[in-house]
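Written out below as C-alpha cells is the structure these notes cover.
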C-alpha cells in the first residue's frame, strides 16, 4: 500500500465524512431543540437528492454553468426545508410532550408516507444527476487522479460547521435555540414564540438534510433506498458524537468516514458492520457519546403496565378465546388458517416486546434482531446440519437467546433514546451480516426449503403447533410479569435510583429480561420460518421491528392483552388492504401517525379507560 | 384606577383533581402583593395559571385591561408580564450575558428600558460573572440572574414564585432589597411565599391562599394584626 | 465505634469542588441534620454515602466496615435505607406492593419468576405501613396518593430493609407544615426505639431546629460548623454565611 493510495483513500473518506456530517448535523440540531429523534430525516435527504436530480438538469437547460448548478442545489435544499416546516406544523408540534416511543413511531410513519409519495412524484426509477460544471475534470494528487467535486465536498463540511457554530453562538436565534434546547417552557415565559423557534429549527434541520442529499447527485443516483441507509448512518453519527452536539457530530463523521474508507480494504463487505461496531464500542465506554450529556428523564414519560387485581372474568375470557382459537381449524379454510398462524406468530413477537417496553420501560427499536435470529437459527440448522423441525425450533430459540444475551450486555448500560438507538444498531448489524455473508446466509435471497416435519406439515397441524407454543410462551411470560422478577423490572422503570437503593441489581435484571424477551421473540421467528418455508434479511430489518412496535401501540402499551389484540388487528388489516392498493406504506404510515395523535392508549387501553371512566 | 392585573374567579385542575377554586385578586400598578400559604395551597399553580403554563378557567383574567385567558405564554410575557419560576430555571449552558439576552424584549411604554448597565447596578454580583455559565453559579446568584433575566423584558409586573425558597437566609435579605428596588422603578410584583416574615417585610398587601381558595385579602398590616388567622392558616 | 463514619470525602465536577475534606460521624439513635445553601454540596455528600456517586477521595464506613465503593444495593443489604428529595415511589404499583417489593428484595427473591409478587410478605408489609399510618391505603395505587402520603410510604419502604442508618434527603420538602412536624416526630420515635441513626438534609429551619439532635453546616463543599441546634444558632460564622438575621425567616419562634 503506497502513500499516494493511502492519501486518496483518506481524501475520499473525508468527502463522505463531510456529506454525512452535513446531514447528521441537521438531525442533531433538531433533536437538541425538540428532543425528537426524527426518523424522517433520512427521507428528507432522499427528497433532497430526488429534487436536485430533477431540478438541476432543468436549470442547466436554461443556462449551463456553475451558477445554475449550485443555485439548483441550494434551491432543492430550501424546498426540503419547507417540507420540514410542513412536517413540524402538521405533526411534530403535536407530539413534543409524548413519550419517545411514540415520537419515534410517528416519525417512522412519515418515512413510510414519504416512501410512497416519492415514488408517486418522481417515479420508481433511480435518477442520476448531472456532474457539476467546472468540476468535471479530475485533479492529480500524488500522481493519482481524484475527482475535483470530492474536494468541494471536503470543504463543504467545515464550512457548514463554521456557519452553524456562528449561528448558534453569535446570533440571537442561536442563543434562543440553545436556551430552548435546555428548557422550552422557560423560553416561552420570557416572551419568545417557541412555535416559531421550533419551526425555524426544523427548517434549518431539513435544509441541511436536503443539502446533504442534493450534494450527492453527481456521485450517487437518487434512489428509493437512500432514506433508511442514510438515517442509520446519521443515527450512528449523532449517537457517537452525543445527541444534540454539533461538534460531536463533526468528529464522529470524520472517524466514520475514515473507517469506511479504510475498512473497505480490510473487510470489503462489512463497512456497515464496522460502523455499528464503532457505535457499540463508544457507547460501551461513554453511554452518552463523545460530547453528549446523560439524559434527564422526565418522570411523566414512564408508560407501561400498572398493577391490577386478577379477575376471574379475565381468566374466563382468556379460556373462551383460547377455545375458539383451538376450534378454528374445524371451521376455517386453508387460507384463513395461514393468516391465523401468522397472526399468532406476530402476537407472540409483539408480546415478547411488551416485556421490555411495557414492563421494563426499555424502548427497544431493534426487536427484529431476535425474531430474525430465531428464524435464521432454525433455517441454518436445517440448511447446514440437515436438522429436522423438532431440532431446528430449539436451535432458533438458542441462537436468539444467545444473541439477546450478547446484545443485552451492551444495551442495559444505556437509557432512553441511546438505548433505542443501540438496539436499532444491533439489529442493523445482524441485517448486514445476513445480507452480506452470502456463502452462509444466502444473502438477499435468503434460505429456502425450511419445511415442517411430516406430522406438522398439514395447515391445521401446524396451526395447532403454533397455537400451543404461542399460548404456552404467553402464559409463561404473563407469570413472569406478575412475579417478583417482573416487579423488579417495573420498579426499575418507575424509579431507577429507588430500585437500586432497595437492592435491586437493575442492569442484571434488565439483561435477564432481554434474554427472556429475545428467546420468546426467537420462538416466534422460528415458527414464522417454518410457516413460510424460507427466511430472508428483511426479517431482521427496521420495518419488522416497527411492525412489532406498531402492534404494541395499536393494542395498548399499558395492558397485557394489548399486543395480542394489536397484532390481530394490524395483520388482518394488512391482509385486507395490501391486495387492493399499491400505496400500502402510505396507508400504514398514516395509520401509525393517526394512532399516535388520536389514540395513544391503544385499543385495549381505550376500552379499559372508558369502562373505568364510567365506573 | 383600574388594576394592572385583575384575576376574577380563576380555577385550575391537574387531570381530574381541581386545585384552584375561584381565586380572585388584583394587583395595582407599582404595588407589591404577597400570595402566602402553605406548600401545596395553590400559590405556584395560581402564578402558572396566570402565565398560561397550566390550563385554567376564569371569569375574568386581564392584564392592562386585555384578557389573557387562552393566550399563549409568550404572548402574555410580551404584554409585559414577567415570570420568575420557583426553581429559577436558569439556562445552565448559557453564560450570564446569554441568559440575559434570552430575556431581552423591546422596550414598551415610556419608561427607560432595562439594559445590562442598569441591571448590573442593581445586582453588582452579576457584572463580575457575565461570562460565567449559569450552571456554575450558587443558588442565590441564580435567583438574582433569574430576576434580572425577566427584567430584560421590561415588564410592568413580575410574578415571583417563592424567591426565598432554597437560598441561604442571608441572601433572602438581598432578595428583599431587589424587590424594593423593582417597586421603586414602578414594576408591580406578585410574589408567592411560604416565609410570611419575608413577605411581611416587603408586601403592601397580602393574600392568603388555603386549599386552592383565597382565605384573606387585605393590607399586610391587617394580616400581621390577625394572629388567629396566621396560626390557623400557616401554623405559625 | 460510630454507626457511620465519613472521613475526608472529596468530590469535584469538572473543576467545581462540590465536597472538600468532609468528615463526620453518625451515632445510633441520633438525628443529624446536614444544612447549607443550595449548591453547598449537601446532595453530593448524601449521594456519596448512599452510593449514587463515587467519591474522588476519602472513605465511608458503616459499623467499621468500609463501604466507600459499595453499590447502592450492597449498602441496602448492609443496612442503609434512604428516601429521596422528590419522593420516588414506584408509581405503577399499589402502596402495599411498594413495601412488598422492598421486602422481596431484602429476602433475595428478585430472581423468582413464578409465584405472583402480590402474594408475598403481605403481613409484614402491612405492619410496616401501619407503623407510618398508611395501612388503610394498602390496596390503593401509589399514583393516587397525596404527596405527603407518598413520603410516608417511602419511609416504610426504607424501613423494610431493616436499616441501621436512614438517609433522608429533604424529608419534608413539598409537605404542609403540620405534616412536616408529624413526619419528623414519627421518624424520631422510630429512630430512638430501633436505635437507627438518621442523617437528613433540610431547608426548613423549623424542622432542623425542632427535630435534629445535632446539626452540620456545609458551605461551598466544606463543613463550617457542627454542634447542637443551640450551638449552631449561636455560631457567628453560620449566622454570617447562612442563617443571617433570623427574624426575617420563619425559623424565628
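The values are calculated or read from the model by the stated rules, or taken from the named source; none is laboratory data. Every value quoted in this text rests on a predicted model; they were computed, and no experiment measured them. Don't worry about glycine lacking a Cβ; one is built from the backbone with ideal geometry, like all the others, and counts go over all protein chains shown.
Suppose the filter is at pLDDT below 85 and more than 14 Å from chain C (Cβ to nearest Cβ); does residue B:122 pass it?
yes
Kindly evaluate residue A:12 against the criterion of being in contact with a strand residue (DSSP E or B) (Cβ under 9 Å, 6 or more places away or on another chain), modelled with pLDDT under 95, surrounded by fewer than 24 Cβ atoms within 10 Å (Cβ to Cβ) and within 24 Å of residue A:158 (Cβ to Cβ).
yes
Looking at the range C:139-162, which of its residues are within 9 Å of another protein chain (Cβ to nearest Cβ), surrounded by fewer than 21 Cβ atoms within 10 Å (Cβ to Cβ) and in contact with a strand residue (DSSP E or B) (Cβ under 9 Å, 6 or more places away or on another chain)?
Selection gives C:139, C:141.
Looking at (1) under 24 Å from residue A:444 (Cβ atoms); (2) part of a helix (DSSP H, G or I), can you tell me which one residue A:405 breaks?
For residue A:405, the failing item is (1).
When you scan the range A:149-170, do you find a residue that is in contact (Cβ under 8 Å) with a residue 60 or more places away in the chain, within 14 Å of chain B (Cβ to nearest Cβ) and within 24 Å of the chain's Cα centre (by Cα), even just one?
no
Is it the case, given these coordinates, that residue C:6 is farther than 15 Å from residue A:500 by Cβ and within 14 Å of chain B (Cβ to nearest Cβ)?
For residue C:6, the condition - farther than 15 Å from residue A:500 by Cβ and within 14 Å of chain B (Cβ to nearest Cβ) - is not met.
For the range B:60-90, which positions are without any contact (Cβ under 8 Å) to a residue 24 or more places away in the chain, more than 12 Å from chain A (Cβ to nearest Cβ) and either under 13 Å from the mean Cα position of the chain (by Cα) or surrounded by fewer than 20 Cβ atoms within 10 Å (Cβ to Cβ) (or both)?
Passing the criteria: B:66, B:67, B:69, B:70.
Looking at this structure, is residue C:136 within 9 Å of chain A (Cβ to nearest Cβ) and surrounded by fewer than 23 Cβ atoms within 10 Å (Cβ to Cβ)?
So residue C:136 does not fit the description; no.
Where in the range C:128-213 are the helices (runs of 4 or more DSSP H), entirely inside, with at least 2 residues that are over 30 Å from residue C:234 (Cα atoms)?
C:147-160, C:177-194
Scan the range C:210-227 for residues that are farther than 23 Å from residue C:11 by Cα and buried (at least 21 other Cβ atoms within 10 Å of the Cβ) and report the count.
Residues in the range C:210-227 being farther than 23 Å from residue C:11 by Cα and buried (at least 21 other Cβ atoms within 10 Å of the Cβ): 2 in total.
Of the conditions (1) modelled with pLDDT of 95 or more; (2) surrounded by fewer than 21 Cβ atoms within 10 Å (Cβ to Cβ), residue A:48 satisfies every one except a single condition; which number is it?
(2)
Go over the candidates A:137, A:106 one by one and state the one that is exposed (fewer than 12 other Cβ atoms within 10 Å of the Cβ) and in contact with a helix residue (DSSP H, G or I) (Cβ under 8 Å, 6 or more places away or on another chain).
Only one candidate qualifies: A:137.
Could you tell me which of the residues B:138, B:164 is at the interface with another protein chain (Cβ under 9 Å from one of its Cβ atoms) and within 18 Å of the chain's Cα centre (by Cα)?
One residue alone meets the criteria, B:164.
Among the residues of the range B:184-236, count how many are closer than 28 Å to residue B:118 by Cα and surrounded by 23 or more Cβ atoms within 10 Å (Cβ to Cβ).
10
Looking only at residues in the range A:179-213 that are within 11 Å of chain B (Cβ to nearest Cβ) and in contact (Cβ under 8 Å) with a residue 60 or more places away in the chain, which one is surrounded by the fewest Cβ atoms within 10 Å (Cβ to Cβ)?
Ranking the qualifying residues of the range A:179-213, first place goes to A:195.
Take residue A:512 and tell me if it is in contact (Cβ under 8 Å) with a residue 24 or more places away in the chain, within 20 Å of residue A:371 (Cβ to Cβ) and within 11 Å of chain C (Cβ to nearest Cβ).
Taking the combined requirement at face value, the residue satisfies it.
Quick test for you: out of A:327, A:350, A:340, pick the one residue that is in a helix (DSSP H, G or I), farther than 16 Å from residue A:476 by Cα and touching a residue at least 40 places away in the same chain (Cβ under 8 Å).
That would be A:340, the only listed residue that is in a helix (DSSP H, G or I), farther than 16 Å from residue A:476 by Cα and touching a residue at least 40 places away in the same chain (Cβ under 8 Å).
Please go through the range B:176-192 and give me each residue that is more than 12 Å from the chain's Cα centre (by Cα) and more than 10 Å from chain C (Cβ to nearest Cβ), ordered by number.
B:177, B:178, B:180, B:181, B:183, B:184, B:185, B:186
Considering only the range A:469-505, state which residues are more than 7 Å from chain C (Cβ to nearest Cβ), free of Cβ contacts under 8 Å to residues at least 40 places away in the same chain and surrounded by 22 or more Cβ atoms within 10 Å (Cβ to Cβ).
Of everything in the range A:469-505, just one residue is more than 7 Å from chain C (Cβ to nearest Cβ), free of Cβ contacts under 8 Å to residues at least 40 places away in the same chain and surrounded by 22 or more Cβ atoms within 10 Å (Cβ to Cβ), namely A:499.
Quick test for you: out of C:15, C:81, C:51, pick the one residue that is closer than 28 Å to residue C:172 by Cβ and free of Cβ contacts under 8 Å to residues at least 60 places away in the same chain.
The conditions single out C:51.
Just to be sure before I move on: is residue C:123 touching a strand residue (DSSP E or B) at 6+ places or on another chain (Cβ under 8 Å), more than 14 Å from chain B (Cβ to nearest Cβ) and part of a helix (DSSP H, G or I) in the structure I sent?
no
How many residues are surrounded by 14 or more Cβ atoms within 10 Å (Cβ to Cβ) and part of a helix (DSSP H, G or I) when one looks only at the range A:112-133?
Of the residues in that region, 9 qualify.
I'd like to know if the range B:40-55 contains one or more residues that are within 14 Å of chain A (Cβ to nearest Cβ), surrounded by fewer than 17 Cβ atoms within 10 Å (Cβ to Cβ) and touching a residue at least 40 places away in the same chain (Cβ under 8 Å).
For the range B:40-55, residues within 14 Å of chain A (Cβ to nearest Cβ), surrounded by fewer than 17 Cβ atoms within 10 Å (Cβ to Cβ) and touching a residue at least 40 places away in the same chain (Cβ under 8 Å): present.
Here are some conditions: (1) under 30 Å from residue C:16 (Cα atoms); (2) in contact with a helix residue (DSSP H, G or I) (Cβ under 9 Å, 6 or more places away or on another chain); (3) at pLDDT below 90. Residue C:203 meets all but one. Which one does it not meet?
Looking at each condition in turn, residue C:203 falls short on (2).
Among the numbered criteria (1) free of Cβ contacts under 8 Å to residues at least 40 places away in the same chain; (2) out of contact with any helix residue (DSSP H, G or I) (no Cβ under 6 Å at 6 or more places or on another chain), which one does residue A:565 miss?
It is condition (2) that residue A:565 fails.
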